[in-house]
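Visitor: Here it is, the structure, as structure tokens.
The values are calculated or read from the model by the stated rules, or taken from the named source; none is laboratory data. Since the model is a prediction, treat every value here as computed from it, not as a measurement. Quick reminder, even Gly has a Cβ in these numbers, built from the backbone with ideal geometry, and neighbours come from all protein chains shown.
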Amino acid sequence: MTWGQRIVECAAETPHATTRVTMMIAPAAALLLAMLAPIPAATADGTVLRPFDGKTLEGWDGDRTFWSVQDGAIVGKSTAEHPLPASGYLVWGGDMPQDFDLRCKVLITGGNSGIQYRSRRVAGRTDMAGFQADLDAANSYTGILYEGLGREIMSGRGEQVEWSPSGKRVVANFAPDAVLKGVMRPGEWNDYRVEARGTRVRHWINGTLMTDVTDGDASRFTRDGQIGFQLHQGAPMEVRWKDLEVRAITEAPSASALAVPDGFSVALVASAQPGQGSWVSLAFDSQGRAVVSPQSGKTLRIELPGVTTGNTGPDVHVTELIGVPGNAQGLCFAGNDFWVDSSAPGPQSGLWRLRDVNGDGTYEEQTQVLHWKDDGGEHGAHGVVQGPDGAIYVALGNHTAVPEGVKNGACRPWAEDLVGERMWDPRGHAVGIVAPGGTVLRVDPATGATSVFASGFRNHYDLAFNTDGELFTYDSDMEWDIGAPWYRAPRIVHVVNGGEYGWRSGSGCLPSWMPDTLPPVCETDSSSPTGLLHGSGGAFPAPWRNMLFAADWTYGRILAVSLNANGSTYSGSWKPFITGRPMPVTDMAWGPDGAMYIVTGGRGTQSGLYRITANKPASLAERSNAPDATHAQDRAARRALENLSSTPDATKLPSAYAALASEDRFIATAARNAIETAGPDAAKQCIDMPAPRARAEAILALARMPNADWNSAVLAAAAIGERADADTWTQLIALRAVQVAWARHSADFASPNGAATTAAAAQLAERFFNHADPRVAEAALGLACEMGRPEAVAPAMKRLTAASDRADALRWATMLRNVDAGWTDDLRAAYWRWIDSTNDSSGGFSLRGFIDHVKSDAEKHVHRPDGAVAAKADGANNAPAANAPAALPAPAQRTTGASSHTWTVAELSSNGAGDAAPDHVRGAQLFQEAMCIQCHRINGQGGANGPDLTGVGSRFARIDLLRAILEPNAIVSDQWRDTAFTLKDGSMVIGRVIGSDAEAMTVSTNPLGPDRERVLRSDIAGSEQITTSSMPQGMLNSHTRQEIIDLLGYLETAGLAAGRGG
């Protein structure tokens, strides 16, 4: 299967026939589910457990007045004379494998029941906690996934559901409920199957897939627990179970579970067996042997047929590497050295250099180069790579501190440099962790001398160099912060010597536009970054060999990132390369055969080693890896400046002075770092330079230096603000210099000697309160609010009331929460209206706590107006006082998944008081993110499985558009209806007829892709038109009112790309 295909083929032998159902997947919201894999006819791996012997309930725990054995079946029964006061359970006490394939037969003649799995009894509760494969005689819920004492209904019948790390539910429909409902045979024995493989679970009835769920919510997900059967309280009922068997799954999903682009093939090479752990790192040695390490366990060597030197047979050989540290999240072979980054508890934790002195396959020399004091776990010590300079580079997540004795290198002495008082994460994550956060270390392999190469990451797992010798990583987001202004999406980062990338804990993250941080190459959508690999190391053809491959554990995919040289750095864009369900990919490596090898695993999931090969690999000539000469001079200039930071040379400082004014942020940053290394005198020499940009950078350098003249820095920055020839970026640098000075010396500002400096800082900030560039305005107002300046209140409130979404409004509310003075009654009333009305819908787990923190602080500083004043402010013709904000719009209602808001035509058809003009650029983005573009075209771009929407605004009124989107089943044109064909062999084909001839019908079976199936007329036993639309309901339920307005505005202008305000 290729990227874009969305087909499930279910094949299972039943007593009646072989049932095959080809199911369509309808479009869903952004982050639509990864590829579906063909479902095998049987899962044959592992030991077979038979918990029920067909005769007794030995080993089962339950009330025997309701549970018994009759005619070889377990019987659960309640009667009018013997009712069940609360739902009861019969639970097997044996040990269950974590991953398994459970099969049984069931006959239900009344009431509600189900199969409990990965479940547990809870003291003091009658219900069990955990998953249930539902079953009811009315056939309303049969086949769905229900979580007892948890999320309740996790998926419906015919739904493929992803639960995101932030606890949100994303849904796609693969078959109509009405079709699947007919699979159950009332009053007969039915086959029930449950497969639990890692984070993915699936249910089948009589061989037909009912539901498919991937649980990426690590805070709730568990693979442990018991199995059992439920007898539901209520009316008298009876349910019977027999032929129960459980097969442990000890093989990784087959290669067919992975979808690769055309021109590539995939094979499953090896699977982790019991006791071999869940693999998280991979490397190849000089003999072509793969080495893997589990997250917890011993490092293994895998000899592959036809790849490993000497292994000419057909078998894969797996052996334990004696004496090699385990629990390694990073492995690297460099010459004769084997580098192992171990997260094992205790003294073994650290970076190890191993050597096989005599070539016998064991590592006699073992040297611990670095010891990790902190057990960072999944935020600890990660990937290890060798650079083109021969040095070893190591990724440390933000929970592992830089070891003592490690030098700063080109990185300057770090500080938090926050604007405003930080709010720590209300759920306790990363509390107390401060700069430098996550780091990249550089290790000299000859001496072991180590320095910090770059800092300011959250939790980057791996590193990779491109053909230009430049280093990259894939840094993670804090998904609990989604919906907050300080949320940072996962990002591909160009890692440079001395680079600072701005992660801070809690609300302190520095935005990428801060002049003393560096921006990412590109941001991705929600993901859990793991392995990283550049295409130049393998035999993939162009354009793939020039791309960066980034692994995403949660959503089971590998992204292909195009890197475009841009001065001394890069810009980039990404697209999916490989997807799988399940495919919890952890690491990647190039094999000696030029193929890409990937390992899956982590958090105890079943591991596999897969090989991805190009059907037409690049030739040896095509595999020459010449650097990109386009911007080689810019990169060389940047590196020379970076070297000045780690190895100062006063004779070369003039080059740094000149580079301060560079338009290239990476070059200017390297120049500033070099001047900071040289000291205050070097910075003061630049403060009088004619170029305002160079002056501003020198001022920022001075503000960042320990024991420097911060007064001079602030006064010089204020002078920059008065210059007419200072452009926007220069103004921003000057403001940031004052912010840094305040963050490091706020107590000195308050001293008598700081009065003049304080006044200058306040005047600089006020000058830019109403700046057209939102970055400058935010920097100015943030500084003024931190200083407690009363003049900042009105302009900040003006921006709060004009905010386009909750995150933007929260930015200003957070900024204002500790300002005591400058409030009028009207301003207080408006502020508290927003605070009291905002919510955490569609936000991450921590958003509610952050909002509560803002509210708590505001109670102490932004005192609520009394009732009479508030009422007067609310009722004065809704007209704000001079310089006061207009009335706040109602907060955006944005929900998703279990707490979704069902938008109605009535709600959205009329204009709201707080509605902003449509943002067509954002609308165009939503058109893609919500997967509309997969089925619909605008101006020739998009899919053709739904109506062309070019010019739709001239054909339909807004209310008609809303009805079509919100009520897709109300009117379904014959042109777009699907048909269910029942074939003579008992199978079904569902899709839209797009062609026919005398012999066959051509059916489009996948609205998201080009999939077609030719159905012979002679094979058709019957057909029935499906009256419901393949477009699912609730497409907009996970979007805010303003986002929907933006989308409608885009549709009504047929794709006109003009942003709000021009």
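Visitor: Across the stretch 604-616, what is the number of residues that are under 16 Å from Pro253 (Cβ atoms) and out of contact with any Asp or Glu (no Cβ under 7 Å at 6 or more places or on another chain)?
Guide: The total comes to 8.
Visitor: Report every pair of residues separated by at least 6 positions or lying on different chains whose Cβ atoms are under 6 Å apart, first residue within the stretch 497-512 and in the same structural domain as Pro413 (by TED's automatic domain parsing) and at pLDDT 95 or above, second hydroxyl-bearing (Ser, Thr, Tyr) and surrounded by 23 or more Cβ atoms within 10 Å (Cβ to Cβ).
Guide: These pairs meet every condition: Gly498/Ser645; Glu500/Ser455.
Visitor: Of the residues Glu245, Glu188, only one is under 26 Å from Trp67 (Cβ atoms), in contact with a strand residue (DSSP E or B) (Cβ under 8 Å, 6 or more places away or on another chain), among the acidic types (Asp, Glu) and not in a loop (DSSP other than H, G, I, E, B); which?
Guide: Every option except Glu245 fails the conditions.
Visitor: Same structure again: Within the stretch 579-590, count every residue that is in a loop (DSSP other than H, G, I, E, B) and surrounded by 24 or more Cβ atoms within 10 Å (Cβ to Cβ).
Guide: 3
Visitor: Hey, another quick one. Name the strands (runs of 3 or more DSSP E) wholly inside the stretch 46-96 in which the number of residues that are out of contact with any Ser or Thr (no Cβ under 8 Å at 6 or more places or on another chain), under 21 Å from Gly225 (Cβ atoms) and at pLDDT 95 or above is 3 or more.
Guide: Passing ranges, in order: 88-92.
Visitor: Can you pull out the residues in the stretch 749-759 that are surrounded by fewer than 19 Cβ atoms within 10 Å (Cβ to Cβ) and either within 18 Å of Pro692 (Cβ to Cβ) or among the β-branched types (Val, Ile, Thr) (or both)?
Guide: If the condition is that a residue be surrounded by fewer than 19 Cβ atoms within 10 Å (Cβ to Cβ) and either within 18 Å of Pro692 (Cβ to Cβ) or among the β-branched types (Val, Ile, Thr) (or both), then Thr758 is the only one that fits.
Rundown of residues vs (1) within 26 Å of Asn839 (Cα to Cα); (2) modelled with pLDDT under 95; (3) under 31 Å from the mean Cα position of the chain (by Cα), yes/no style:
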{"position": "Ala756", "(1), (2), (3)": "no, yes, no"}
{"position": "Phe768", "(1), (2), (3)": "no, no, no"}
{"position": "Arg775", "(1), (2), (3)": "yes, no, yes"}
{"position": "Ala784", "(1), (2), (3)": "no, no, no"}
{"position": "Lys798", "(1), (2), (3)": "yes, no, no"}
{"position": "Ala802", "(1), (2), (3)": "yes, yes, yes"}
{"position": "Asp820", "(1), (2), (3)": "yes, no, no"}
{"position": "Trp823", "(1), (2), (3)": "yes, no, no"}
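Visitor: Taking only the stretch 164-179 into account, find how many residues are closer than 17 Å to Tyr555 by Cβ and either modelled with pLDDT of 90 or more or small (Gly, Ala, Ser) (or both).
Guide: Within the stretch 164-179, residues that are closer than 17 Å to Tyr555 by Cβ and either modelled with pLDDT of 90 or more or small (Gly, Ala, Ser) (or both) number 4.
Visitor: Condition first: surrounded by 19 or more Cβ atoms within 10 Å (Cβ to Cβ) and of a type in the set (A, V, I, L, M, F, W, C). Now tell me which residues in the stretch 730-748 satisfy that.
Guide: Matches in the stretch 730-748: Leu732, Ile733, Ala734, Leu735, Ala737, Val738, Val740, Ala741, Trp742.
Visitor: Among the residues of the stretch 354-388, which ones are in a loop (DSSP other than H, G, I, E, B), within 29 Å of the chain's Cα centre (by Cα) and free of Cβ contacts under 8 Å to residues at least 60 places away in the same chain?
Guide: Result: Trp372, Lys373, Asp374, Asp375, Gly376, Gly380.
Visitor: Picking from Arg817, Arg864, which residue would you name as being of a type in the set (Lys, Arg) and surrounded by fewer than 18 Cβ atoms within 10 Å (Cβ to Cβ)?
Guide: Step by step, each of Arg817, Arg864 is checked, and only Arg864 is of a type in the set (Lys, Arg) and surrounded by fewer than 18 Cβ atoms within 10 Å (Cβ to Cβ).
Visitor: Follow-up. Is it the case, given these coordinates, that Ala734 is in contact with a Phe, Trp or Tyr (Cβ under 6 Å, 6 or more places away or on another chain) and either in contact (Cβ under 8 Å) with a residue 12 or more places away in the chain or not assigned by TED's automatic domain parsing to the domain that holds Arg767 (or both)?
Guide: no
Visitor: So how many residues does the stretch 810-854 have that are under 17 Å from Ser507 (Cα atoms) and not in a helix (DSSP H, G or I)?
Guide: 7
Visitor: Does at least one position in the stretch 196-212 carry a residue that is within 30 Å of Pro314 (Cα to Cα) and touching a Pro at 6+ places or on another chain (Cβ under 9 Å)?
Guide: Within the stretch 196-212 (the criterion being within 30 Å of Pro314 (Cα to Cα) and touching a Pro at 6+ places or on another chain (Cβ under 9 Å)), the answer is yes, since at least one residue qualifies.
Visitor: How many residues are outside any strand (DSSP E or B), in contact with a strand residue (DSSP E or B) (Cβ under 9 Å, 6 or more places away or on another chain) and at pLDDT below 80 if we restrict to the stretch 997-1030?
Guide: Summing the residues that are outside any strand (DSSP E or B), in contact with a strand residue (DSSP E or B) (Cβ under 9 Å, 6 or more places away or on another chain) and at pLDDT below 80 in the stretch 997-1030 gives 10.
Visitor: With the condition kept exactly as written, say whether any residue in the stretch 533-540 is under 25 Å from Arg665 (Cα atoms) and either in contact (Cβ under 8 Å) with a residue 24 or more places away in the chain or in contact with a Ser or Thr (Cβ under 6 Å, 6 or more places away or on another chain) (or both).
Guide: For the stretch 533-540, residues under 25 Å from Arg665 (Cα atoms) and either in contact (Cβ under 8 Å) with a residue 24 or more places away in the chain or in contact with a Ser or Thr (Cβ under 6 Å, 6 or more places away or on another chain) (or both): present.
Visitor: Please state which of the following conditions Gly721 fails to meet, knowing it meets all the rest: (1) of a type in the set (Gly, Ala, Ser); (2) closer than 30 Å to Val406 by Cα; (3) touching a Leu at 6+ places or on another chain (Cβ under 6 Å).
Guide: Among (1) of a type in the set (Gly, Ala, Ser); (2) closer than 30 Å to Val406 by Cα; (3) touching a Leu at 6+ places or on another chain (Cβ under 6 Å), the lone unmet condition for Gly721 is (2).
Visitor: Tally the residues that are within 24 Å of Cys332 (Cβ to Cβ) and surrounded by 14 or more Cβ atoms within 10 Å (Cβ to Cβ), restricting the search to the stretch 409-451.
Guide: So the count comes out to 17.
Visitor: Next question. Look at the stretch 267-307 and say how many of its residues are in a strand (DSSP E or B) and surrounded by 19 or more Cβ atoms within 10 Å (Cβ to Cβ).
Guide: 17
Visitor: Report whether or not Phe264 is within 27 Å of the chain's Cα centre (by Cα), crowded, with 17+ Cβ neighbours inside 10 Å and of a type in the set (Phe, Trp, Tyr).
Guide: Spelling it out, Phe264 is indeed within 27 Å of the chain's Cα centre (by Cα), crowded, with 17+ Cβ neighbours inside 10 Å and of a type in the set (Phe, Trp, Tyr).
Visitor: Can you give me the number of residues within the stretch 195-230 that are surrounded by 21 or more Cβ atoms within 10 Å (Cβ to Cβ), of a type in the set (Gly, Ala, Ser) and closer than 19 Å to Asp95 by Cβ?
Guide: 3
Visitor: Here is a list of conditions, (1) at pLDDT below 95; (2) crowded, with 21+ Cβ neighbours inside 10 Å, and Gly187 meets all of them except one; can you say which number that is?
Guide: With respect to (1) at pLDDT below 95; (2) crowded, with 21+ Cβ neighbours inside 10 Å, Gly187 is out only on (2).
Visitor: Could you run through the stretch 194-226 and say how many residues are aliphatic (A, V, I, L, M) and farther than 19 Å from Thr605 by Cα?
Guide: 3
Visitor: Tell me, please, whether a residue that is closer than 30 Å to Ala267 by Cβ, in contact (Cβ under 8 Å) with a residue 24 or more places away in the chain, in contact with a helix residue (DSSP H, G or I) (Cβ under 9 Å, 6 or more places away or on another chain) and among the polar types (S, T, N, Q) can be found in the stretch 602-617.
Guide: No, because not a single residue in the stretch 602-617 is closer than 30 Å to Ala267 by Cβ, in contact (Cβ under 8 Å) with a residue 24 or more places away in the chain, in contact with a helix residue (DSSP H, G or I) (Cβ under 9 Å, 6 or more places away or on another chain) and among the polar types (S, T, N, Q).
Visitor: Looking at the stretch 561-615 only, could you name the residues that are of a type in the set (A, V, I, L, M, F, W, C) and either within 20 Å of the chain's Cα centre (by Cα) or at pLDDT below 95 (or both)?
Guide: If the condition is that a residue be of a type in the set (A, V, I, L, M, F, W, C) and either within 20 Å of the chain's Cα centre (by Cα) or at pLDDT below 95 (or both), then Val561, Trp574, Phe577, Ile578, Met583, Val585, Met588, Ile598, Val599 are the ones that fit.
Visitor: Let me ask something else about it. Mind telling me which of the residues Ala560, Ala565, Ala551 ends up being assigned to a strand (DSSP E or B) and without any contact (Cβ under 8 Å) to a residue 40 or more places away in the chain?
Guide: Just a single option satisfies the conditions, and that option is Ala560.
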